[in-house]
Amino acid sequence: MFDLDDKYVALAATARDLADSLAEYADEADGMLRVHPKMRAGLQESGLAAHCVPAEGGEAIDPLAIAVVREALMGVSAHLDGLFGMQGVGSFALARAGSPRLRKEWLPEVASLEAIAALALTEPEAGSDLKAISTTVTPRGSDLVVNGNKSFITNAGEAAFYTVLCREGDGYSLIFVPASTPGVSVEVGPHLIAPHIMGAVRLDEVVVPADHRIGEPGEGFKLVLATLATFRVSVAGAAVGLAQTALDEAVRHTSGRQQFGRPLAETGPIPHLLGLSWTEIESARALTYRAAHRAGRDPLATLDLSSMAKVAATETAGRVVDRAVQVMGRFGLVTGSTIERLYRNARPMRIYEGGNEVLTGQLARRLVRLTERQH
């Protein structure tokens, strides 16, 4: 196992205790498109969400701490993991470049989970290509006017505010939009194969004060990239946790079940599948921790490594959970079982926070440029 400092070991233990205490609600919560009250209350009581948000005037957030927590939570409940992680994703730009007034008013609310955060990037015709968005922000006197439609937005309908990526002139800006602002409406859904708090957000002549622009005009993409570099690696942490839980289930089943007079874990190709899965998980975990550690020092400089970790860990999770279903045979196909839930939850992770093929394409272009510079 990768060696962590004692503070991370203790943090992981706290997160595991929280997840175990809420395990009885996992199936119900993971099927909901609204925030599960028990999950929210438990996460609030734990204080873990504060790790996603820097204290006013305090230290920056620690991506390794976030990844370690997500690793512990995801194996039990995707709902709990998402509720935790999105507090950081939705508020990171605000913490980094928001006005002092907004930071003072909202960040404590996010840290305590009194306010649920959301980042509104994608649109019906703009997913991986965010530069194709059509949502606009226009200055009008001392205000800003936002118009557009966002789709597949995590926490839509539950969020207290949206950090919205908009076109502004020839560039792109991020605008802080409280959910209660007139002109903001939400359509909850659609249902996914792994249910997720999600919806479409319509912004119709939404007027906010000028200080609700996060950062300077045209800095939106820079802030989005910093957000992704910091939190994309936490998706890798969640994927490692999912993969580990799937392997634990497979080992438990194959060790306790006899076939042909021997434990399944010692029969045919099963030892190879278990050993290969363990090896891949530890490799993904090591890369995830390394990327998370570096992201804490310079997020933008770590974007490539964060993308690598996300790709490696989510691909590993997909392979490991598939092997777990295979070695468990018919027991791995039972609806409502732990392994069936993990199987469904593993698939979307290769799409969240950037599709893996998109990320590997970006990495390839980056690799070519680096090679050209060396020659």
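Read-outs: derived from the displayed coordinates by stated rules, not from any lab. Small disclaimer: the values here were computed from a predicted structure and weren't measured. FYI the Cβ positions are ideal-geometry reconstructions off the backbone, even for glycines, and counts take in every protein chain you see.
Here are the numbers:
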read-out: Long pairs among Lys7/Lys222; Lys150/Lys310; Lys104/Lys222; Lys104/Lys131; Lys7/Lys310; Lys7/Lys104, criterion Cα-Cα beyond 26 Å; value: Lys7/Lys222; Lys104/Lys131; Lys7/Lys104
read-out: Charge dipole (debye, nearest 20) of segment 1-151; +1 at Cβ of Lys and Arg, -1 at Cβ of Asp and Glu; value: 700
read-out: Charge dipole magnitude, Cβ of K and R +1, D and E -1 - segment 221-369, Cα centre, debye nearest 20; value: 280
read-out: Environment charge of Ala115, counting only residues whose C-beta is closer than 11 Å and scoring Lys/Arg +1, Asp/Glu -1; value: -4
read-out: The chain shape via C-alpha gyration tensor axes, a/c threshold 1.5; value: prolate
read-out: Amide hydrogen neighbours beyond the local backbone of Ser77, cut-off 5 Å, H modeled; value: none
read-out: Structure-based [θ]222 nm, the chain - -39500 (n - 2.57) summed over DSSP H runs of at least 4, per residue, nearest 500; value: -17000 deg cm²/dmol
read-out: Choice from Met198, Met32, Met86 with maximal GNM fluctuation in the chain (Cα, 10 Å cutoff); value: Met32
read-out: Listed residues Ala286, Ser99, Val137: farthest to the positive end of the dipole of the chain (Cβ charges); value: Ala286
read-out: Relative exposure of Ile116, Ile270, judged by other C-beta atoms within 10 Å (fewest first); value: Ile270, Ile116
read-out: Separation between Cα centres of segment 122-161 and segment 322-355, rounded to whole Å; value: 32
read-out: Point-charge dipole on Cβ atoms (K/R +1, D/E -1) for segment 117-217, about Cα centre, debye to 20; value: 80
read-out: Segment 170-327 shape via C-alpha gyration tensor axes, a/c threshold 1.5; value: oblate
read-out: Cβ-based charge dipole, the chain, positive-most Cα from Gly169, Pro263, Phe221; value: Pro263
read-out: Most mobile of Phe152, Phe221, Phe331 in a GNM of the chain (Cα contacts under 10 Å); value: Phe331
